[in-house]
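Presented below is the structure to which this report refers.
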Amino acid sequence: MQLTLDRVPFDAPDAEALRNAQQAELHVRYGSEDHEPGEPPTADNVPFFLVARTADGTAVGCGGLRPLSAGGLEIKRMFVLPALRGQGIATAILRRIEEEARALGCRELLLETGTEQPDAMRFYEREGYRRIPNFGSYAGGVHSVCFARTLA
């Protein structure tokens, strides 16, 4: 599938629509709207955000980077529309996020997913991420599962 990866503001309309779709899916998976510990990502704290688009310009996936207060970077809001999963879109987004993290001098990229997202856990493990103890606001989170990858 031919994709473009466009850097957009976190609050751009396509980015917002994708994040809303992601949150709706997570509300169903977790059975509530209260499934994310810590500070929610915003335009103020996620300075790097991508939208993946098909050749006709349709927004099909997203993901971004948020600086952590203790240093380092965290992947936020990785998502691909369910009907298009398994076609390499998430991998393309992830690789571009990793490139940006390297350019910013990041040596270890962190992320949090959850217990009700076994598909996401398999994806990150397949892409070279290793499970780590929950960090920051995710420490002690019942549904949080954290991962890291050392960047070359």
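The values are calculated or read from the model by the stated rules, or taken from the named source; none is laboratory data. Values in this document were obtained by computation on a predicted structure and should not be read as measured data. For neighbour counting, all protein chains shown are included, and Cβ atoms are generated from backbone atoms with ideal geometry for every residue, glycine included.
Side notes on the structure shown:
- Candidate set from region 124-152 (those that are closer than 12 Å to E98 by Cα and surrounded by 12 or more Cβ atoms within 10 Å (Cβ to Cβ)); member that is farthest from the chain's Cα centre (by Cα): L151
- Of everything listed in (1) out of contact with any Ser or Thr (no Cβ under 9 Å at 6 or more places or on another chain); (2) closer than 25 Å to D44 by Cβ, the single unmet condition for T91 is (2).
- Among (1) without any contact (Cβ under 8 Å) to a residue 60 or more places away in the chain; (2) surrounded by fewer than 18 Cβ atoms within 10 Å (Cβ to Cβ); (3) within 14 Å of the chain's Cα centre (by Cα), the one test that A21 misses: (1)
- One residue stands out in region 82-107 among those that are among the charged types (D, E, K, R) and more than 15 Å from the chain's Cα centre (by Cα): the one that is surrounded by the most Cβ atoms within 10 Å (Cβ to Cβ), namely R102.
- Of the numbered criteria (1) small (G, A, S); (2) over 21 Å from V8 (Cα atoms); (3) loosely packed, with under 13 Cβ neighbours inside 10 Å; (4) free of Cβ contacts under 8 Å to residues at least 60 places away in the same chain, the one A120 fails is (3).
- Residues being acidic (D, E) and surrounded by 11 or more Cβ atoms within 10 Å (Cβ to Cβ) - total across region 39-60: 1
- Contact annotation: residue pairs with Cβ atoms under 8 Å, 6 or more positions apart or on different chains, pairing a residue in region 1-16 that is within 13 Å of R77 (Cα to Cα) with a partner that is at pLDDT below 95 and crowded, with 16+ Cβ neighbours inside 10 Å, are F10/P41.
- L73 fulfils the conditions (1) surrounded by fewer than 13 Cβ atoms within 10 Å (Cβ to Cβ); (2) closer than 21 Å to A148 by Cβ except for a single criterion, (1).
- For the residues R77, R53, R66, R95, the requirement of being assigned to a helix (DSSP H, G or I) and not hydroxyl-bearing (S, T, Y) singles out R95.
- All positions within region 29-52 that are free of Cβ contacts under 8 Å to residues at least 60 places away in the same chain and touching a Gly at 6+ places or on another chain (Cβ under 9 Å): E36, P41, V46, P47, F48, F49, L50, V51, A52
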